[in-house]
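Below is one structure, written out as C-alpha cells; the observations come after it.
The values are calculated or read from the model by the stated rules, or taken from the named source; none is laboratory data. The shown structure was predicted, so the numbers you read here are calculated from the model rather than taken from an experiment. Heads up, the Cβs are rebuilt from the backbone with ideal geometry, glycines too, and the neighbour counts pull from every protein chain shown.
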Amino acid sequence: MGDIVAAAVVAHQPMVMVPEKVRIELGQTGADTTLVEPGYRLIREKLAELDVDTFVIFDTHWLTTTEHVIAGAAYFSGSYTSDEMPRNIHDVPYDYPGAPDLAEAWHKIGKERRLPTVNVTTASLPLHYATINLVHHLRTREKVLSAGVVQTASMEYYLAVGQALASAVRNVDGGRVALLGSGGMSHEFWPLDVIRDHFAYDPSHVISARARAMDEQILELWERGDHAAVLDLYPEYASSYHPEGRFAHYLMLLGAIGGRECRARGVRLSKYENAVGTGQVHVLFQLHSGEAR
C-alpha cells in the first residue's frame, strides 16, 4: 500500500533553466529568482526528509482535449529542447524511470469511475518543460509519472481525477509519493512590443494589480488551509485571471489530498514573483497525520 506524503504547487517558468548570471541580469534588480534558490533547494530537502520515491507531476504544458492522458512508460531518456523557448531550454538530458504500475492503477480506477483516462506506455510520448524543469531541479533517484491537463474539463472533473489517483496510490504496493502541481497562478502575458520591459521577478510586473491581488488572496487561503474557499473562488479566478493550465495542477492535487474537506496549510518556499506578466510561486502543503486529507 502506497502513501501520498507530500504535495506542492511548483513553478517551472523558463528562466529557471538558464545560468545564474543570465537570471540575475534579466531580473533587472541584481537579484536572482527565489524559485531556484532557496526554492528548489528547500523542496528537495523536504522531499528527502519524507523519503519520497515517486513524483507525480501534473503538467500544465501538456494540454489534451478529450481524455486524461497518463505517461505510463517504464523508462524515459533522451535530450529535450523546448519548441516554445529553445534559447532558454535546449539539449537538456533526461534519464529516469517511470511508474508504470501506478499509471496502470490510476487508469484502471479512472475507467471504473467513468473518467476518460488513457495510459500511454510508449516512451516516445512527447515531454514538456513543465515536467522536464522539475525533473532537472528536483529529482535525485525518484520514479516520475507525469500526466496532462484536459483543457475542456470542469473543476469537478479535475478533483475526481485526483481522487482516482489517491485510490491508485493506496492500491499499489509500496511507494512514498509526492504530488507536484507544475504551474503558475494568474497567467496572462504582456504584449510582445512591451514584454521585454517586464523581464523581472518583482511582482509589480504581474499583468495587473487585480491579478496580483487575486493571487495573493489565494495564497492567503492556502496558508490558512481553506481550500473550500479557493474552490468557491475558482469560477471567477478561471474566467477573469486565467490561471495556468486552468489551475488543474492544483485542483487534481487537491482532489488527491481530500478535496473540499482538505485543511492542509500551505507554506511558501519562494517569494511570489513575476514571469512576463504571470504569477509564480512554490507552495508546499503540510500533510500531517490526522489532518483532513
**Request:** Residues being in contact (Cβ under 8 Å) with a residue 40 or more places away in the chain and of a type in the set (D, E): count how many of those fall in the range 33-61.
**Result:** 3
**Prompt:** Is it true that S186 is under 22 Å from H107 (Cβ atoms) and surrounded by 24 or more Cβ atoms within 10 Å (Cβ to Cβ)?
**Reply:** no
**Request:** Find the strands (runs of 3 or more DSSP E) located wholly in the range 220-293 whose residues include 1 or more that are among the acidic types (D, E), and list them.
**Result:** 273-275
**Prompt:** In this structure, is E67 among the charged types (D, E, K, R), farther than 30 Å from L115 by Cβ, at pLDDT 95 or above and surrounded by fewer than 16 Cβ atoms within 10 Å (Cβ to Cβ)?
**Reply:** no
**Message:** Anything in the range 185-208 that is in contact with a strand residue (DSSP E or B) (Cβ under 9 Å, 6 or more places away or on another chain), assigned to a helix (DSSP H, G or I) and not polar (S, T, N, Q)? List them, or say none.
**Reply:** H198, P203, H205
**Asked** Looking at this structure, is T54 touching a strand residue (DSSP E or B) at 6+ places or on another chain (Cβ under 6 Å), within 20 Å of M185 (Cα to Cα) and either hydrophobic (A, V, I, L, M, F, W, C) or at pLDDT 95 or above (or both)?
**Response** no
**Prompt:** Out of the range 172-203, which residues are of a type in the set (A, V, I, L, M, F, W, C) and over 18 Å from the mean Cα position of the chain (by Cα)?
**Reply:** V172, F189, W190, L192, V194, I195, F199, A200
**Item:** the range 116-129, subset in contact with a helix residue (DSSP H, G or I) (Cβ under 8 Å, 6 or more places away or on another chain) and buried (at least 18 other Cβ atoms within 10 Å of the Cβ), residue farthest from F55 (Cα to Cα)
**Value:** T117
**Asked** Is there any pair with a first residue in the range 86-113 that is surrounded by 14 or more Cβ atoms within 10 Å (Cβ to Cβ) and at pLDDT 95 or above and a second that is of a type in the set (F, W, Y) and assigned to a helix (DSSP H, G or I) whose Cβ atoms are under 7 Å apart and which are 6 or more apart or on different chains, and what are they?
**Response** I89/Y129
**Asked** Here is a list of conditions, (1) out of contact with any helix residue (DSSP H, G or I) (no Cβ under 8 Å at 6 or more places or on another chain); (2) at pLDDT 95 or above, and G174 meets all of them except one; can you say which number that is?
**Response** (2)
**Request:** May I ask you to say which residue of V135, V169, V206 is buried (at least 20 other Cβ atoms within 10 Å of the Cβ), within 17 Å of the chain's Cα centre (by Cα) and modelled with pLDDT of 95 or more?
**Result:** V135
**Message:** On the basis of being in contact with a His (Cβ under 7 Å, 6 or more places away or on another chain) and farther than 16 Å from V56 by Cα, does P86 make the cut?
**Reply:** no
**Item:** Answer from Q163, Q151 - the residue that is surrounded by fewer than 17 Cβ atoms within 10 Å (Cβ to Cβ), under 17 Å from the mean Cα position of the chain (by Cα) and in contact (Cβ under 8 Å) with a residue 60 or more places away in the chain
**Value:** Q151
**Request:** Mind counting the residues in the range 113-143 that are more than 16 Å from Y40 (Cα to Cα) and of a type outside the set (A, V, I, L, M)?
**Result:** 11
**Request:** Could you please find all residues in the range 132-184 being part of a strand (DSSP E or B) and aliphatic (A, V, I, L, M)?
**Result:** V144, L145, A147, V149, V150, V177, A178, L179, L180
